[in-house]
Structure formats: structure tokens, C-alpha cells
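Colleague: Encoded as C-alpha cells, here's the structure I'll be asking about.
Only the coordinates and a few stated rules stand behind these numbers; no lab work does. Predicted model only: the values in this text are computed from it and were never measured. With ideal geometry, Cβ positions are generated from the backbone for all residues, glycine too; neighbour counts draw on all protein chains shown.
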């Protein structure tokens with residue numbers, strides 16, 4: 001939605017800027033800075049829309065990581081499957097797989113294959129800090 005709005009801004013400001021040439025002498029037109037300013041504004045509005053979209057995607061990925069880590073913490077270092085994590089975290093399996101691969105690459109969990117060929121993930125070292133641990 002924001003990208004469409006940015007495109008409309010670019011179209012609108014571009015058209016308005018191109019219409020605002022000032023005729024000073026008959027047969028000659030002076031090109032003012034307005035079209036260039038409008039183009040710069042249109043480009044800037046598109047960049048802002050892309051940044052907002054990227055921020056929302058980043059927030060979504062962080063939320064997915066948080067859900068998976070919370071679930072893994074509750075399972076006490078048990079081997080977990082992608083389908084089990086997807087079901088209990090209300091995520092699509094493709095999203096779960098992407099997050100689990102990332103967590104595996106950074107060392108938050110270890111992956112292994114079961115005898116059936118299914119990917120299993122083990123999260124070790126996830127422990128909730130209590131007040132006694134911090135003292």
C-alpha cells in the first residue's frame with residue numbers, strides 16, 4: 001500500500017513539475033528548478049516507503065524468532081521438529097524453517113537428521129534468568 005502511494009506521489013509531482021515551465025520570452029522556455037525539486041521529493045517519498053516496509057518485515061522476523069525461542073525454552077532442550085514448532089508457534093512451515101536455519105547458523109540451536117530424514121533442532125542453554133541468578 002505504501003509503495004503504491006509513493007508511486008502516485010512520484011507521478012503527481014512529476015506531472016505538476018513538468019507543467020510549471022515559465023515562458024519569459026516568446027518561443028523560449030526557462031527550465032526552473034521546480035521539476036527537479038519535485039523529482040527529488042518523489043524519489044525521497046519512495047525511499048521512505050521502502051524503509052517503512054523493511055522495518056515491518058524486520059519486526060515480523062524478530063517476532064517469529066522470539067516465538068520460536070520462547071517455545072524452545074519451554075521444551076527443556078528436547079529435539080523439536082519444524083512441524084511441531086510451526087504448529088505451536090502459529091507460523092507457516094516455510095517461515096519456521098527460515099528462522100530455524102538462521103538460528104542454527106548463529107549457533108542458537110543445532111540441527112540434525114532423524115532416522116526418517118526429518119530435520120530436528122535442539123536448543124541448549126536456553127534458561128530464564130531468575131532474581132537469584134543475577135545476585
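Colleague: Test of understanding: what is the full-extension gain from residue 57 to residue 93, defined as 0.36 nm times their sequence separation minus their Cα-Cα distance?
Modeller: Numbers: separation 36, 0.36 × 36 = 12.96 nm, distance 1.72 nm.
Here the segment from residue 57 to residue 93 would lengthen by 11.2 nm.
Colleague: Would you mind ranking 85, 106 by Cβ crowding within 10 Å, fewest neighbours first? Intermediate results must be reported in sequence, preceding the final value.
Modeller: Values: 85 21, 106 8.
Placing the least packed residue first, the sequence is 106, 85.
Colleague: In which sequence would 93, 111 go, from the one with the fewest C-beta neighbours within 10 Å to the one with the most? List each step's numbers first, then the result.
Modeller: Values: 93 12, 111 15.
Ordered from fewest to most neighbouring Cβ atoms within 10 Å, 93, 111 come out as 93, 111.
Colleague: If you don't mind, another one. How would you rank 115, 95, going from fewest to most other Cβ atoms within 10 Å of each one's own Cβ?
Modeller: Numbers: 115 5, 95 16.
Ordered by Cβ neighbours within 10 Å, fewest first: 115, 95.
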